[in-house]
1. What number of residues in segment 189-207 are assigned to a loop (DSSP other than H, G, I, E, B) and modelled with pLDDT of 95 or more?
2. I need the full set of residues from segment 189-210 which are open to solvent by 10 Å² or more (accessible area, probe 1.4 Å) and touching an Asp or Glu at 6+ places or on another chain (Cβ under 9 Å), in order please.
3. Against the condition of a type in the set (Asp, Glu), open to solvent by less than 50 Å² (accessible area, probe 1.4 Å) and under 33 Å from the mean Cα position of the chain (by Cα), how does residue 168 come out, does it pass?
4. Across segment 95-142, which residue is most open to solvent (accessible area, probe 1.4 Å) among those that are over 34 Å from the mean Cα position of the chain (by Cα) and at pLDDT 90 or above?
5. Any residue at all in segment 574-597 that's among the hydrophobic types (A, V, I, L, M, F, W, C), in contact (Cβ under 8 Å) with a residue 60 or more places away in the chain and outside any loop (DSSP other than H, G, I, E, B)?
6. For residue 186, are the conditions met, namely being outside any loop (DSSP other than H, G, I, E, B) and either among the hydrophobic types (A, V, I, L, M, F, W, C) or surrounded by 20 or more Cβ atoms within 10 Å (Cβ to Cβ) (or both)?
7. Residue 529 passes all but one of (1) among the aliphatic types (A, V, I, L, M); (2) at pLDDT below 80; (3) surrounded by 13 or more Cβ atoms within 10 Å (Cβ to Cβ); which number fails?
Amino acid sequence: MEEKDEKGTMKIVTYNVNGLRQRITQFGSLRNLLNSFDADIICFQETKLRRQEVTADLVMAEGYESFFSSTRTTQKGRTGYSGVITFCRVKSAFSSNEAALPLSAEEGFTGLVGNSQTRKEKLPLLSEDLEEFSKDELLSVDSEGRCIITDHSHFVLFNLYGPRAVSDDTERIQFKQMFYRILQRRWEFLLRQGRRILVVGDLNIAPSAIDRCDAGPDFDNNEFRRWFKSMLLENGGQFSDVFRAKHPDKEAYTCWPQNTGAEVFNFGSRIDHILFAGSCLHRSNDLQCHSFLSCHVKECDILTHYKRCKPESTQSAQRWKGGRSIKLEGSDHAPVFMTLNEIPEVSLHSTPSLSARYVPMVHGLQQTLVSVLMKRQVSEEMKSCKMSRNGIAMGSTCERVEPVSVTSPSDCYFPPSQDSDDNILESNELSGGSSQEAISLSGREYEKSISMQNKTMKKATNSRYSQLSLMSFFQRNTNIDNGVNESCIDISNIQAEPSQPSPNLHENPTVFHQSGSTELETGASDQELAILNDNSTKEERNNAASLDWQRIQQMMQNSIPLCKGHKEPCIARVVRKRGPNSGRRFYVCARAEGPSSNPEANCGYFKWAASKSRNK
C-alpha cells in the first residue's frame, strides 16, 4: 500500500522569480534552478521575458516540458514586465501516462489568444458568460502574459500572475477588477463541467489580517480581499486556501519589499497562493467524509530558505547595518509548495503543441521584420564602408580623392576575413604607376600607417574611458583632447607632404623614408624627462582630487540628518511615482523595515531634502 502511495505522489511548486534570467544566473543554469525544487510541476511568475527575447536556454531544460506566456502588449511600462511559465518534469514527452505531463494547454484564459487551443481534447470554452465584455477587453486581460492553463486530467492547473493596483491608480484597479471577474467566470464554467481546478501563483492579494504584517483597521474593506474571501468554502465559495487550511494560525509571508530589508524581520505579506476546488479523486459511493485536502494533500508550506535575506547570513545582516553596497541575490518572493499523494496515472498521451519544444522562435527560426531590415542596413553600411576603404588604397581608380579623417576605429568596422588583406595588396600593385602618388601605398606601408593610427586611437580611447580625477569634471582635460587630435590624422596630407611636420606630432615626429618604412625618432633623455613630468603631474592631480573628495564627503556628511530612533545617518531616496513630488529627494532611517515594537527595526524617520533630485 505504501509503495502505491509513493508512486502516486506529486509535488507542485509556485514561485514568483522576479526575473527568470536573474534566477538562472543565480543557480548557474535553468536545469539547476528546476532541480533545486525536486518537483513534478513548477510554476514561475514574473519571468519578465518578452516574446522576441525567449530562447531555448531560458525556457527549455532536459527532463522538463514547458509552457509559457509572455507579454504581448505595447503599452508603455508593461512590455517585458510580467510573464508566466509552467515546467512539467517527465520521463517521456511522447506516449506517456504521467499525470505531470498535460493532455492540453492554453495561453491565457479567454480563449482568444492565437493558437491557445492546442489539441483535439480542447479545454471547454465559455461564450455566453462573457457577453458583457467586448473583444478588446477580453484580449487586454490576456495581453500581459499572466496565465497559462494546463489540463492534467485529474485537475486543470491555472498558473497565474495577478495584476497589482495601488489605491490611486484608477485604470489599473479597473483592469484588476475585469481580470478577476473574467477569471471567475472561467472557473465557474469548468466547475459546472465537473472539472477540478488548481490555482497557483502570485495573486497580489493578501486575504486576511494574519496574512499581512501591517494590517490596519480598514484592511478588510479592500474590494479584492472581499472577492478573494467570497471564493473560499467557509464563505460559501468553492475553493480552499490550501496553505491556510494546513496552517490555520500561522503567521507566514511569501513576499517582502526588496528595497527596505523587510525580510530581516519577516515583515511581509502572503500573496502567493495555492487554491483548490473540486471533489476527491476516490471513486467510493460515500464521498461525504472525503475531501481533496484530507485525502490527497500531504503538506503545503513556504520554502523560506529561498529568501534573499536569511537570519543566519552575516552578509544579510550587514546589508542593513551600513553595508548598503552589499547586493543580495534572489527574488523578493519565496516559493510555496504542495505535495499530493494517491494521484493515479492517466491514459497514454503526448506533449501538447503549445510546448516550448514546438515554438519556432525559441530555436531562433522566426525573425521579426525589424531584425531583417536591421541586418540589411548593417550589411549595406559595411559594404559602402569597405568600398570607401578600397578607394583609399586604389588611387588610380578615382579621379579625385578627398582627404579622409579617421575619427574612430569603430566608424568603419570590418569583421576579419581571409581575403581583405589580399585585396589591398592587389589594389596597390595595380596602382603602382599611377599619377596620384599622394595616396598610393604599398601593402606594407598601408598596413604600418593604419597600425600606427590604431595604436594611437586605442591609447586615446583608453585614456578617455579610464577613471578620471574629480577635477576633470570641472576643467577641460587637455591630455584627452590631445589624444583625440593625434588620432584624427589626415592620411593623404601626411603622405603628400612628408617634409612638413604635423602640429599634432611635435612630441613624436614621424619621418617617412623613401623605402616606405616608418620610424619614431625620440631621444632617451626626452623620454625620461617626459615620464618624470608625467608622474609628478599625476601625483599632484591625485593629491588635489583626494583633498577635493574629502571636502565633498565632509559636506555630504554634514548635510545628512540623523534618524531620531537610532541617531544614525539616514539614507537618501528619490520619489519615482508620478505626481507633484516626482523626483524629489528625501531621507529615511537606514535600518531594515520591521514591526514598530522592535527597537532594532526602522524607526520610521522621514525628512524631505532641501532640493529636488535632477531627473535623468
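1. 7
2. 189, 195, 208, 209, 210
3. no
4. Step by step, filter segment 95-142, then rank; the result is 97.
5. No, because not a single residue in segment 574-597 is among the hydrophobic types (A, V, I, L, M, F, W, C), in contact (Cβ under 8 Å) with a residue 60 or more places away in the chain and outside any loop (DSSP other than H, G, I, E, B).
6. In short, yes.
7. Failed condition: (3).
Each row is one residue, and each column tells you yes or no for (1) open to solvent by less than 30 Å² (accessible area, probe 1.4 Å); (2) at pLDDT 90 or above; (3) in a helix (DSSP H, G or I).
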| residue | (1), (2), (3) |
| --- | --- |
| 285 | no, no, no |
| 289 | no, no, no |
| 301 | no, yes, no |
| 309 | yes, no, no |
| 312 | no, no, no |
| 317 | no, no, yes |
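The values are calculated or read from the model by the stated rules, or taken from the named source; none is laboratory data. Remember, predicted model here, so these are calculated numbers, not experimental data. With ideal geometry, Cβ positions are generated from the backbone for all residues, glycine too; neighbour counts draw on all protein chains shown. Areas reflect the complete protein model, heavy atoms only, side chains present, ligands, DNA and RNA absent. Shrake-Rupley method; radii C 1.70, N 1.55, O 1.52, S 1.80 Å.
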